[in-house]
Amino acid sequence: PTAVIWFRDDLRLQDHPGLQAAHRAGFAPLPVYIHAPHEEGEWAPGAASNAWRHRSLAALDAALRARGSRLHVFAGDSLATLKAITTATEAAAVYWSRCHEPAAARRDEAVRRALRARGLRADAWNAHLLFEPWQLETKAGDPFRVFTPFWNAARRAWSPPAPVPAPDLLPTFSPLPGETTLDALGLAPDIRWDAGFWAHWTPGEAGADAALQAFIADGLHDYPRGRDHPARRLTSRLSPHLHFGEISPWRIVHALQEAGPVEARAAFVRELAWREFAVHVLHHFPHTQDANFNARFDDFAWSAVDPALLRAWQRGRTGVPIVDAGMREMQATGWMHNRVRMVVASYLTKHLRLHWLHGARWFWDQLVDADLANNTQGWQWVAGTGVDAAPYFRIFNPVLQARKFDPAGEYIACWVPELRELPSKARHAPWEVPTGSRPTGLYPARPIVDLAEGRASALEALKRIRVPV
Ligand code: FAD
């Protein structure tokens with residue numbers, strides 16, 4: 001009998017619970033991908049994410065072909081497609097890895113019921129997390145709203161499964177009715193705006209393993225001290241690989257066991273736990289995908305959108321070098337360093353006082369690691385509207401942040417070439433440089449919003465909603 005393996009954000013063959021379950025039951029696994037972005041509600045994948053997915057699916061297909069199988073690609077409604085496939089192959093089971101985005105989770109539940117009603121085994125597995133979002137709870141049996149107790153509970157319950165290698169050989173299936181090709185899905189952009197991305201990334205399982213090994217060799221050692229310095233490139237860059245399920249978190253945890261100093265491992269695993277916490281929060285509070293967790297902020301006086309200001313932020317032309325460097329890094333590579341994500345998000349929600357959703361949506365389209373749980377939580381954390389958030393009144397000063405975390409202005413010089421000729425200490429705030437030695441050319445002569453005025457007006461708006469501080 002056949003088991004359909006319905007691949008989604010679990011694009012790997014190692015540590016794949018559905019494949020393992022099929023093997024245990026003696027089923028022949030039929031690998032299937034169904035393109036159905038309309039089933040993801042308001043958060044259908046963005047452009048950078050699609051470009052990554054195209055390559056990741058191609059890598060999965062190549063890995064399957066090396067084992068005698070291949071990826072069978074479809075487009076359309078998931079349930080209708082699965083019904084047709086299971087009928088055509090007389091399959092006994094459909095297996096998939098759980099998604100926790102609210103729209104996908106609802107869709108999956110409907111699929112499960114409908115397939116079971118047809119007498120099929122329809123089972124979902126955890127391929128994405130160290131802890132399912134319902135697994136950890138407070139002593140009172142509630143979801144966690146604060147990270148540190150969540151992390152303490154996670155450490156107490158710690159038991160990551162052992163990694164399992166990919167199967168050596170897989171069976172071959174004839175083409176099925178209604179199959180299409182990966183290229184026909186239109187995930188890869190026609191205009192090659194993503195051309196620059198691929199010098200930085202190798203989507204797919206092999207690329208994920210290589211990124212992990214590179215991090216263990218070069219980044220882990222100095223991770224606790226260096227992770228906040230964007231020019232040092234010390235972080236793992238595993239986020240897109242994790243989002244697409246090209247590597248399991250437990251494979252990462254196991255690989256770290258034998259590597260690097262204890263504090264470095266602990267600091268890194270704590271970041272992985274932030275990812276778990278984000279999914280926990282989104283699962284228990286699904287409305288936070290586009291609404292404030294802290295309802296007091298529903299009355300906050302966000303500014304009306306000034307398209308010119310929003311565009312300047314999006315395109316890295318605010319005149320604030322660290323902000324512009326981050327936005328340009330994202331445009332050029334599909335990724336931005338975490339410290340700089342916080343700075344650009346604070347600048348948008350506080351100095352420009354624009355609703356965090358304007359930023360979240362732009363990130364959604366631009367990031368190769370765009371992830372609903374992490375992105376929503378990241379934005380709400382910075383905006384002060386989320387669980388366990390930075391208080392709104394704590395407004396990052398982008399110049400001080402740049403001086404502290406990019407002291408020699410190397411990161412700025414890398415992404416804002418207009419400022420390269422300035423002495424390194426002058427790159428953080430070029431408007432302070434005497435007029436004669438300022439960069440001429442196209443870079444804004446002054447920030448588009450005065451930093452002190454932006455800060456004062458944000459604090460004034462905050463006072464009006466009387467958020468306790
Ligand atoms: P590392 O430092 O090597 O961390 C390892 C892994 O831990 C990451 O790959 C990631 O999966 C997880 N992680 C690290 N930091 C965080 C965090 N703060 N929250 C949740 N998980 C974390 N991350 C995304 O994966 N997708 C997003 O769409 C996303 N949007 C964000 C938006 C904002 C405004 C902010 C402030 C943060 C956002 N993050 C997002 C979190 C974080 O910036 C990235 O996960 C991190 O920069 C990825 O780089 P890395 O893999 O080198 O991280």
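The values are calculated or read from the model by the stated rules, or taken from the named source; none is laboratory data. For clarity, every value in this text was computed on a predicted model and none was experimentally measured. All Cβ positions, even for glycine, are placed from backbone atoms using ideal geometry, and neighbour counts span all protein chains on display.
Some points to look at:
- Residue in region 33-47 that is touching a strand residue (DSSP E or B) at 6+ places or on another chain (Cβ under 6 Å) and among the hydrophobic types (A, V, I, L, M, F, W, C) present: yes
- All positions within region 238-255 that are out of contact with any His (no Cβ under 9 Å at 6 or more places or on another chain), closer than 14 Å to D209 by Cβ and near the ligand (Cβ under 7 Å from one of its atoms): L238
- Residue, surrounded by the most Cβ atoms within 10 Å (Cβ to Cβ), within region 338-385, restricted to residues that are under 17 Å from V323 (Cα atoms) and polar (S, T, N, Q): T349
- Listed by position, the helices (runs of 4 or more DSSP H) contained in region 1-97 that have at least 2 residues being closer than 28 Å to G119 by Cα are 17-25, 78-89.
- Checking V279, V340, V344 one by one, the residue that is more than 16 Å from the chain's Cα centre (by Cα), closer than 27 Å to T235 by Cα and not in a loop (DSSP other than H, G, I, E, B) is V344 and no other.
- Residue in region 392-403 that is near the ligand (Cβ under 9 Å from one of its atoms), assigned to a helix (DSSP H, G or I) and in contact (Cβ under 8 Å) with a residue 60 or more places away in the chain present: no
- Cross-chain or 6+ apart pairs with Cβ under 6 Å, region 264-282 first and farther than 11 Å from F150 by Cβ and without any contact (Cβ under 8 Å) to a residue 60 or more places away in the chain, then within 8 Å of the ligand (Cβ to nearest atom) and of a type outside the set (A, V, I, L, M): A264/Y223; A267/Y223; F268/Y223
- Taking the criterion of being within 19 Å of E453 (Cα to Cα) and in a loop (DSSP other than H, G, I, E, B), no residue of region 380-390 qualifies.
- Residue list for region 216-237, restricted to those being more than 10 Å from the ligand (Cβ to nearest atom) and among the hydrophobic types (A, V, I, L, M, F, W, C): I216, A217, A231
- Candidates A217, A184, A206, A210: the one that is exposed (fewer than 14 other Cβ atoms within 10 Å of the Cβ), part of a helix (DSSP H, G or I) and either among the acidic types (D, E) or within 20 Å of the chain's Cα centre (by Cα) (or both) is A210.
- Matching residues, region 365-388, being of a type outside the set (G, A, S) and either on the phi > 0 side of the Ramachandran plot or near the ligand (Cβ under 7 Å from one of its atoms) (or both): L367, D369, D371, N374, N375, Q377, W379, W381, V382, D388
- Subset of region 337-364 [more than 8 Å from the ligand (Cβ to nearest atom) and closer than 26 Å to G409 by Cα]: R339, V340, V343, S346, Y347, L348, T349, K350, H351, L352, W362
- Scope region 55-90; condition β-branched (V, I, T) and touching a strand residue (DSSP E or B) at 6+ places or on another chain (Cβ under 8 Å); matching residues: V73, T81, I85, T86, T89
- Residue within region 323-336 that is of a type in the set (S, T, Y), modelled with pLDDT of 95 or more and within 12 Å of the ligand (Cβ to nearest atom) present: yes
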